[in-house]
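Below: the structure, in structure tokens.
The values are calculated or read from the model by the stated rules, or taken from the named source; none is laboratory data. Keep in mind the model is a prediction, meaning the values are calculated, not measured. Here the Cβ positions follow ideal geometry from the backbone for every residue, glycine too, while neighbour counts run over all protein chains shown.
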Amino acid sequence: MSMDIMYFLSCVLFPLLLLIFFNFLRHKQQSNKDKRKLPPGKMGFPLIGETMQFFNAQRRNKLYEEFVHPRIAKHGKIFKTRLIGSPTVIVNGADANKFLLSNEFKLVKSSWPSSSVHLMGKDSIMEKDGERHRFLRGVIGTSLGYAGLESLVPKLCNFVKLYLVKNWHGQEEISLYKSTKVLTFSIVFECLLGINVEQGMLDTFERVLEGVFSPAIKFPGSKFWRAMKARKEIEKMIVKVVREKRKEMEEGRLEREEDRMLMSKLVYGMIQGEISEKEIIDNVVLLVFAAHDTTSFAVAMTFKMMAQHPDCYDKVLQEHVNIMRNKRWGESLNIEDIKKMKYTWQVARESMRLFPPIFGSFRKAIIDIEYEGFTIPKGWKVLWTTYGTHYNEKYFKDPLSFNPSRFDEGIGQYVFVPFGGGPRVCAGYQLAKLNILILVHYVVTQYEWSLLHPNETVTMDPLPFPSLGMPIKISPKHI
Ligand code: HEM
């Protein structure tokens with residue numbers, strides 16, 4: 001081949017062919033993108049989209065009725081919108097819940113507002129993916145799962161009994177929601193982590209929680225700024241506890257009982273070089289956040305439902321009186337007694353079905369997702385909802401009526417989802433269950449109680465809570 005032809009091929013023809021080939025690929029990709037069928041729905045105004053409508057409905061605790069349901073009626077159970085600047089697809093129904101929640105890490109990853117990530121910390125399990133998530137869940141799960149909690153039952157009982165004596169005894173009126181918050185906070189710290197609750201700690205944590213869903217603006221005086229300041233105080237406190245515990249462990253000064261506590265497991269992991277100090281701090285903050293408002297709201301709604309349905313309350317009371325009759329005076333409950341609280345747990349679950357403490361949660365598509373003939377583009381947010389199944393006639397007959405007996409029969413997968421599902425299913429499910437059942441046991445067997453405001457509304461900011469804190473009237477009961 002002559003030098004001229006060689007020169008022509010290498011300098012002109014090959015680059016030209018490459019250019020044509022890449023151009024062809026680009027066009028093909030582009031035309032594939034154009035062929036994508038996005039879910040129906042309106043994106044609203046540029047940038048803010050339908051955020052205002054979303055927040056307005058949320059504030060009135062009418063997110064499902066006023067925002068989601070009208071759009072389902074118009075577009076179907078999968079629709080697109082734009083929320084807080086992000087294109088978002090909202091999905092509803094058991095199949096969608098299953099598809100999304102079980103494909104965590106493969107198709108989607110959890111996606112929290114940047115203020116939550118700053119305040120909970122980048123090293124909490126809610127921010128971890130894949131192997132690291134599995135490892136940390138393993139450590140936390142051994143204390144929070146069924147096996148770990150069995151030994152906690154008597155401890156929780158003594159704790160709840162003492163709490164009631166200290167805080168309810170001699171009182172005529174109690175804010176049930178606020179009181180349960182204090183109790184849950186103390187349970188997480190003292191029973192789970194083995195840290196003594198000191199004066200002012202709850203207030204500091206509440207300041208952090210107040211900033212979790214506010215705009216991440218570090219302007220002096222802003223909610224987020226105050227929350228970050230509170231987080232720094234908490235960090236100091238936890239670091240002190242962690243270092244003391246480490247010293248105790250290294251010097252072999254730890255009591256056997258404490259040895260089994262979650263904090264000891266975390267510190268042990270740190271000594272082994274498997275967990276960092278920052279991971280311990282972030283996960284402690286997350287556990288308090290995850291347990292706090294959720295459990296208190298579930299307790300408040302369980303009591304509200306019992307007050308509104310005296311026939312159900314009679315059955316609950318009977319269940320607890322029967323358990324109590326088989327106990328000696330002052331004897332704690334054990335795991336077998338908890339198993340006997342079948343109807344009470346049905347009442348609590350039915351209350352969480354009608355009033356889920358968590359509306360749903362956001363994910364982010366990590367690749368283009370094909371679902372039900374639509375494409376959810378990579379980078380878009382996806383919101384699954386508890387209401388999409390809980391309020392649907394297809395899954396629950398007469399869905400708005402309170403009927404705990406519906407749980408006599410098995411409920412389909414991903415239908416009843418107050419605790420989520422898939423790899424991120426609530427890690428504190430068992431603790432929440434024990435907390436609710438044990439509290440109900442001691443309140444209904446020791447107190448006559450009634451709601452002071454039977455028509456009290458529920459507000460959301462951003463999690464739901466009874467707007468007046470659910471005050472109840474109490475007096476000692478003599479069974
Ligand atoms: C009635 C009470 C509770 C309800 C309704 C509830 C609900 C939920 C839901 C729906 C999720 C999944 C969120 C998602 O998919 O993004 C979740 C996750 C979580 N919950 Fe709960 N929760 C409750 C109590 C608790 C308690 C008492 C704890 C621990 C002390 C706890 C710890 C966690 C943790 C650590 C996660 C994150 C799991 C992960 O990312 O792997 N929760 N919870």
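I need every pair where a residue in region 98-109 that is within 15 Å of E372 (Cα to Cα) has its Cβ under 6 Å from the Cβ of a residue that is away from the ligand (no atom under 12 Å from the Cβ), sequence separation at least 6 or different chains. Final answer for the pair search is L107/I369. Hey, could you check region 124-133 for residues that are over 22 Å from R260 (Cβ atoms) and part of a helix (DSSP H, G or I) and say which is nearest to the ligand (Cβ to nearest atom)? Among those that are over 22 Å from R260 (Cβ atoms) and part of a helix (DSSP H, G or I), it is M126.
Of the candidates I78, I90, the single residue that is at pLDDT 95 or above, within 16 Å of the ligand (Cβ to nearest atom), surrounded by 21 or more Cβ atoms within 10 Å (Cβ to Cβ) and of a type in the set (A, V, I, L, M, F, W, C) is I90.
This table checks each residue for (1) of a type in the set (A, V, I, L, M); (2) more than 16 Å from the ligand (Cβ to nearest atom).
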| position | (1), (2) |
| --- | --- |
| V242 | yes, yes |
| E248 | no, yes |
| R253 | no, yes |
| Y268 | no, yes |
| M305 | yes, no |
| C312 | no, yes |
| R325 | no, yes |
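Pick from region 102-123 the residues that are assigned to a loop (DSSP other than H, G, I, E, B) and basic (K, R): which of them is farthest from the ligand (Cβ to nearest atom)? Per the criteria, the residue is K106. Scan region 152-180 for residues that are within 16 Å of the ligand (Cβ to nearest atom) and at pLDDT below 95 and jot them down. Residues satisfying the conditions are L152, V153, K155, L156, F159.
Listed here are the residues, each with its yes/no results for (1) among the polar types (S, T, N, Q); (2) in contact (Cβ under 8 Å) with a residue 40 or more places away in the chain; (3) crowded, with 20+ Cβ neighbours inside 10 Å.
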{"residue": "L119", "(1), (2), (3)": "no, yes, yes"}
{"residue": "R137", "(1), (2), (3)": "no, yes, no"}
{"residue": "G145", "(1), (2), (3)": "no, yes, no"}
{"residue": "S151", "(1), (2), (3)": "yes, yes, no"}
{"residue": "L156", "(1), (2), (3)": "no, yes, yes"}
{"residue": "F159", "(1), (2), (3)": "no, no, no"}
{"residue": "V165", "(1), (2), (3)": "no, no, no"}
{"residue": "E172", "(1), (2), (3)": "no, yes, no"}
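List the strands (runs of 3 or more DSSP E) that sit entirely inside region 369-449 and contain at least 3 residues that are within 12 Å of the ligand (Cβ to nearest atom) and in contact (Cβ under 8 Å) with a residue 12 or more places away in the chain. Of the strands (runs of 3 or more DSSP E) lying wholly inside region 369-449, those with at least 3 residues that are within 12 Å of the ligand (Cβ to nearest atom) and in contact (Cβ under 8 Å) with a residue 12 or more places away in the chain span 381-385. Hey, does region 340-355 have a residue that's in a loop (DSSP other than H, G, I, E, B) and crowded, with 18+ Cβ neighbours inside 10 Å? Yes, that holds for at least one residue. Comparison of E279, E274, E235, E251 shows that the only residue that is in contact (Cβ under 8 Å) with a residue 24 or more places away in the chain, surrounded by fewer than 17 Cβ atoms within 10 Å (Cβ to Cβ) and under 30 Å from F135 (Cβ atoms) is E274. Only a single criterion out of (1) in a helix (DSSP H, G or I); (2) within 25 Å of V212 (Cβ to Cβ) is not satisfied by L468, namely (1).
Each residue in region 369-394 was checked for being more than 22 Å from W112 (Cβ to Cβ) and among the charged types (D, E, K, R), and 4 of them qualify.
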